[in-house]
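To start, the structure under review is shown below, and the notes come after it.
The values are calculated or read from the model by the stated rules, or taken from the named source; none is laboratory data. Predicted, not measured: the structure shown is a model, and the values here were computed from it. Heads up, the Cβs are rebuilt from the backbone with ideal geometry, glycines too, and the neighbour counts pull from every protein chain shown. Areas reflect the complete protein model, heavy atoms only, side chains present, ligands, DNA and RNA absent. Shrake-Rupley method; radii C 1.70, N 1.55, O 1.52, S 1.80 Å.
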Amino acid sequence: MSLDEIRQRIDAIDTELVRLLDRRAQAGRDVGKAKAALGLPLYQAGREEAVLARLRGLSDGSMPPASIDTIYRTIMRETLALQTAPACAGHQSGAGKRDVAGRVAANAAVLPGVSRMRVIAPELAGTFQPGQFFQIRVEGGADGLFLRRPFAPSAYTDDGFEFTYAVVGAGTRHLAGMVPGAGVRVLGPLGNAFTPAPAGAHAVLLGGGCGAPSLGPLAAACRRNGVTVTGFIGARSVDGLVGRDEFTAGCDAVHLATDDGTCGWKGTGVDAFLSRRDELGPIDRIYAIGPIPMLRAVAALAAREGIPCEVSLEERMACGFGACMGCVVPVRDGNGSVYRRVCHEGPVFDAAALAWDEIGVVRAGAKERTGS
């Protein structure tokens, strides 16, 4: 079997896996509702053991029994979590996601080390909600680039979408070298979406780093819904201020901040927000995306003022649809915490629900959603 045939087979298996996991998740939710109506417990250890025994018997030996147990118990545990505590009001069913062939229409640097790509994928046009993301598999990529790379759209077009990315790792270096006409495989839409603010509300959007452009579609949607939008963009220096065009198109006002003072307020985007807090008046909703220290500060600010706040997290992802458990973060659960998947229950979370004290600083290396 040739390498291309193997890759085609993997693509087909990936597509079927997505479909089956969606069906399994929906069936789990349906069973949960039925049990709740009958007053029955959600969890039945006896049934779990019976299913595990059946799965072990179906294996051809290529997967160790311990791995089968771990995967199944993880799926069951997360299904129970979804039945009882959705992580964000914007959570949507993943039943609409598709794996399609796309084509690069444009790809060019917009700032030093930062590029923007436009992808033609008519089957996905109009399917994304602000906050959701997609996974790209680079067709004909270099050896070792088998995992897809997650990105959030910074703009939508009639026949596809655009996304902005930092060129920092092997995957994004290969992306940066792709020319118009090159093929890409796109899986999406994935994850949940931001909860829309009601008409007449005042929303503040805070973006940091290369994640900032993905707030552009949210700003535009807010404006269309009659929401007043104030945007803040922060970066280390003027060379890192990404997303100004996207923000300007959707915001009533945009304020810039740089750590070194080369543009706008000298300090972080949160500092710039605090400097103008009094003149902003009442704020009904805060949305934010950026590095963890920034989001932690935004969450604390929102908590002090009692303002509903949603944040979009950036994490390394492998599958992108909840199967591998490689992107979990702690979420408050009574006196402790439980883990939720950024790719499935997120990437958008209620800032008050996250266990910020347990979330470490951003992992070494930039995230693929912002360009690794």
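Worth a mention:
- Under the Karplus curve 6.51 cos²θ - 1.76 cosθ + 1.60, θ = phi - 60°, whole-Hz ³J(HN,Hα) for the stretch 227-236, x wherever Gly or Pro sits: 9, 6, 10, 10, x, 10, 10, x, 7, 5
- The stretch 130-137 - phi-based ³J(HN,Hα) in whole Hz, Karplus 6.51/-1.76/1.60, Gly and Pro as x: x, x, 6, 9, 9, 10, 10, 9
- Backbone amide hydrogens, once placed in the peptide plane, bring Trp265 within less than 5 Å of Leu256, Ala257, Thr258, excluding anything fewer than 5 places away on its chain.
- The sum of -39500 (n - 2.57) across all DSSP H runs of n ≥ 4, divided by the residue count of the chain, sets its helix-only mean residue ellipticity at 222 nm to -10000 deg cm²/dmol.
- Qualifying trypsin sites (Lys or Arg not before Pro) for the stretch 255-300 [loop in DSSP, other Cβ within 10 Å: at most 16]: Arg276
- Reference-scaled alpha-carbon Rg (2.2 N^0.38 Å with N residues) for the chain: 1.02
- Between the Cα long axis of helix 292-305 and the first principal axis of the chain there is an angle of about 70°, rounded to the nearest 10.
- The order of Glu16, Glu48, Glu162 by accessible area, most exposed first and with a 1.4 Å probe, is Glu16, Glu162, Glu48.
- 0 to 90° range, to nearest 10: angle between helix 3-38 axis and the chain longest Cα axis: 90 degrees
- Amide H to amide H, with H built 1.01 Å from N, Val328 comes under 5 Å of Val342, counting only residues 5 or more places away or on other chains.
- Close amide-amide hydrogen proximity is noted between Val227 and Gly200, each under 5 Å apart and 5 or more residues distant or on a separate chain (H modeled in the peptide plane; Pro and chain starts excluded).
- When you restrict to C-alpha pairs under 8 Å that are six or more residues apart and normalise by the size of the stretch 233-370, the relative contact order lands at 17 percent.
- Over the stretch 215-309, relative contact order from alpha-carbon pairs under 8 Å, at least 6 apart, %: 22 percent
- Relative contact order, percent, the chain [alpha-carbon distance under 8 Å, six or more residues apart]: 15 percent
- Dipole of the stretch 230-372 [Lys/Arg +1, Asp/Glu -1 at C-beta], most positive-end residue of Thr248, Leu301, Ser275: Leu301
- Backbone phi angles across the stretch 147-164, fed through the Karplus curve with coefficients 6.51, -1.76 and 1.60 (θ = phi - 60°), yield HN-Hα couplings of 6, 5, 10, x, 9, 9, x, 9, 7, 10, 10, 5, 10, x, 6, 10, 9, 10 Hz in residue order; Gly and Pro are listed as x.
- Ellipsoid semi-axes in whole angstrom, largest first, where each is sqrt(5λ) of the Cα gyration tensor of the stretch 238-288: 19, 15, 9
- A simple count of charges around Pro308, restricted to other residues whose Cβ falls under 12 Å of its Cβ and scoring Lys, Arg +1 and Asp, Glu -1, yields -3.
- At 0.692 mPa s and 37 °C, Stokes diffusion of the stretch 150-307 via Kirkwood alpha-carbon radius, µm² per second: 199 µm²/s
- Residue (of Pro291, Cys263, Gly200) at the positive-pole extreme of the stretch 196-300, dipole from beta-carbon charges: Gly200
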